[in-house]
Amino acid sequence: MTFSLRPTYDDPRTAELVDRLRDYLDGELADHERERGLTHATRLTRADLEQVWRRSRELGFYGIHLPQEYGGQNLTYAQLAALKEEIGASGRVLAHSVLGDMGGPLRAGDILKHATEYQLDKYLLPLIRGERACCFSLTETDAGSDVRSMRTVAVHDGDGYRLTGHKVFSSAGPFADFAIVVARMAGTGEQEGDKPQFSAFLVDLDSPGCRAEDGATPMSGEHIESDIVLDDCYVPAANLLGEEGKGMRIALGRVTTNRLLHCPTVLGATRRALALTLDRTRTRKVAGGQPLLMLQAIQHKVADMATEFYAARSMTYAALAALDAGREAHAEAFMCKLFVAESAFRILDEAVQIHGKEGLTQGNEIEYLFRKIRMFRILTGTSEIQRNGIAKLLAFNH
Ligand SMILES: Cc1cc2nc3c(=O)[nH]c(=O)nc-3n(C[C@H](O)[C@H](O)[C@H](O)COP(=O)(O)OP(=O)(O)OC[C@H]3O[C@@H](n4cnc5c(N)ncnc54)[C@H](O)[C@@H]3O)c2cc1C
């Protein structure tokens with residue numbers, strides 16, 4: 001893999017898909033956002049997203065990674081990553097809705113393989129068609145990294161369950177019809193030494209006893225998170241995902257794949273920051289009328305930024321290639337998530353520095369990207385949790 005801020009691909013299928021996606025992102029979608037006056041500060045509505053879901057589906061991008069039986073094109077992880085990188089690099093406000101990250105097939109992840117016929121028909125096939133959307137609700141105020149300390153509880157009730165609890169930071173919640181909720185089974189994990197058991201449920205957000213409320217606004221400023229409040233909410237047994245007591249495995253299985261698949265989106269955003277920064281160094285004149293890029297102090301910064309980006313990108317695609325070859329890449333996924341998040345943060349910090357006051361000004365894309373990228377050291381598992389995972393695998397497997 002060579003270094004490029006506009007990568008080309010040897011695999012003809014990837015090259016063709018990336019070209020088509022760039023055309024859509026830079027053409028039709030850019031025009032649409034301009035006409036609607038959408039910016040990263042806009043509070044998006046379901047209607048804003050639905051339009052993109054529909055169009056992306058027509059163009060074949062929505063759910064493109066899925067097997068053909070679900071209307072996808074059965075992409076490899078590396079092919080999907082190349083598309084996700086373009087999504088991140090595009091700078092488009094609605095880019096998250098093109099492949100189905102925001103409430104669509106990518107948010108549902110691999111729960112598809114745990115779904116019954118009924119769940120496919122009622123929830124997941126409509127989601128793939130862009131008719132319904134979901135969020136994923138694991139985190140609670142006092143249960144983040146230590147998610148097993150969650151308080152949301154599921155109690156058996158006749159032919160179903162009653163769920164009570166309060167989930168926070170469910171991304172895509174404001175646009176979702178249903179949530180994938182993980183809850184502790186009542187009567188488990190209540191005594192010292194008794195292991196808690198968790199189950200995963202598909203919960204309609206308009207069920208009696210369920211509310212999706214405006215969540216906290218993270219530092220990115222985007223209003224794309226909800227709290228999911230469950231108050232004795234009845235969930236039929238048909239909505240249990242997988243086996244009872246196996247919900248945490250389903251949820252964390254999804255998180256493991258996600259960990260690696262989030263990396264290309266962040267790489268894309270970092271690539272965009274690098275490109276914007278290089279432009280700035282060429283056009284911004286300083287002492288003696290020379291461009292910033294003529295200063296060695298600035299040259300060294302951009303050299304370090306590009307080198308870190310190249311390292312992060314190379315290791316991500318190497319890990320994805322291992323997955324595509326059918327090998328396990330648990331340690332590699334932790335390593336990529338750690339290195340991509342930490343290097344992207346360093347790169348964005350320097351990008352702000354090079355942009356000077358412009359980089360500190362709201363409305364400037366670098367200022368937004370800095371805030372957005374900063375979150376990635378915490379989202380989808382913090383950097384410390386990635387280090388714990390790497391160390392544990394080193395201790396037991398090597
Ligand atoms: C914008 C945003 C979107 C999100 N989207 C979702 C979503 O869609 N669904 C969902 O369920 N959740 C979501 N989350 C929650 C996210 O996954 C958690 O924030 C994350 O897992 C960390 O949990 P915490 O914030 O409670 O931090 P804490 O667990 O309180 O951790 C605080 C600090 O302590 C460190 N720490 C904790 N435990 C250890 C340990 N064992 N060893 C070393 N260090 C440790 C952490 O690394 C961190 O630095 C989202 C969060 C945000 C901000």
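The values are calculated or read from the model by the stated rules, or taken from the named source; none is laboratory data. The shown structure was predicted, so the numbers you read here are calculated from the model rather than taken from an experiment. A quick note on method: Cβ atoms are made from the backbone with ideal geometry, for glycine too, and the neighbour counts reach across all protein chains shown.
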Open item on the list: Can you tell me which condition T380 does not meet? The list is (1) outside any helix (DSSP H, G or I); (2) of a type in the set (V, I, T); (3) at negative phi, and all the others hold.
Closed with: (3)
Open item on the list: Cβ-Cβ under 9 Å, sequence separation 6+ or interchain: first residue in region 369-380 and over 10 Å from V266 (Cα atoms), partner within 9 Å of the ligand (Cβ to nearest atom) and part of a helix (DSSP H, G or I). Which pairs?
Closed with: R377/S383; T380/V255
Task: Sole residue being under 23 Å from the mean Cα position of the chain (by Cα) and away from the ligand (no atom under 16 Å from the Cβ), chosen from E332, E358, E384, E350 - done: E332
- [ ] For A251, indicate whether it is assigned to a strand (DSSP E or B) and within 16 Å of the ligand (Cβ to nearest atom).
- [x] no
Open item on the list: Pull out all pairs, ordered by first then second residue, where Cβ-Cβ is under 8 Å, the residues are six or more apart or on different chains, the first lies in region 110-126 and is more than 15 Å from F178 (Cα to Cα), and the second is outside any helix (DSSP H, G or I).
Closed with: H114/A200; H114/L241; H114/G242
Open item on the list: Of the conditions (1) more than 16 Å from the ligand (Cβ to nearest atom); (2) in a helix (DSSP H, G or I); (3) out of contact with any strand residue (DSSP E or B) (no Cβ under 9 Å at 6 or more places or on another chain), Q119 satisfies every one except a single condition; which number is it?
Closed with: (3)
TODO: Of all residues in region 99-134, count the ones that are touching a Lys or Arg at 6+ places or on another chain (Cβ under 9 Å), among the charged types (D, E, K, R) and within 22 Å of G88 (Cβ to Cβ).
DONE: 2
Task: Restricting region 54-76 to residues that are touching a residue at least 60 places away in the same chain (Cβ under 8 Å) and among the polar types (S, T, N, Q), the residue that is surrounded by the most Cβ atoms within 10 Å (Cβ to Cβ) - done: S56
Task: Of residues in region 82-119 being out of contact with any Leu (no Cβ under 9 Å at 6 or more places or on another chain) and more than 23 Å from Y317 (Cα to Cα), the one surrounded by the fewest Cβ atoms within 10 Å (Cβ to Cβ) - done: E117
Task: In region 35-68, residue farthest from K84 (Cα to Cα) [restricted to those that are assigned to a helix (DSSP H, G or I) and hydrophobic (A, V, I, L, M, F, W, C)] - done: A47
Task: Verdict on Q79 being surrounded by fewer than 20 Cβ atoms within 10 Å (Cβ to Cβ) and either more than 16 Å from the ligand (Cβ to nearest atom) or in contact (Cβ under 8 Å) with a residue 60 or more places away in the chain (or both) - done: no
Open item on the list: Just checking, does region 105-115 include any residue being more than 20 Å from the chain's Cα centre (by Cα) and either outside the structural domain of L260 (by TED's automatic domain parsing) or not in a strand (DSSP E or B) (or both)?
Closed with: yes
- [ ] Please enumerate the residues belonging to region 387-398 that are of a type outside the set (A, V, I, L, M) and either away from the ligand (no atom under 14 Å from the Cβ) or closer than 29 Å to I298 by Cα (or both).
- [x] F396, N397, H398
Task: Selection count where residues are within 16 Å of the ligand (Cβ to nearest atom) and in contact with a Phe, Trp or Tyr (Cβ under 9 Å, 6 or more places away or on another chain), scope region 361-378 - done: 5
TODO: For region 122-135, name all the residues that are away from the ligand (no atom under 16 Å from the Cβ), more than 17 Å from C210 (Cβ to Cβ) and surrounded by 15 or more Cβ atoms within 10 Å (Cβ to Cβ).
DONE: L124, L125, P126, I128, R129, G130
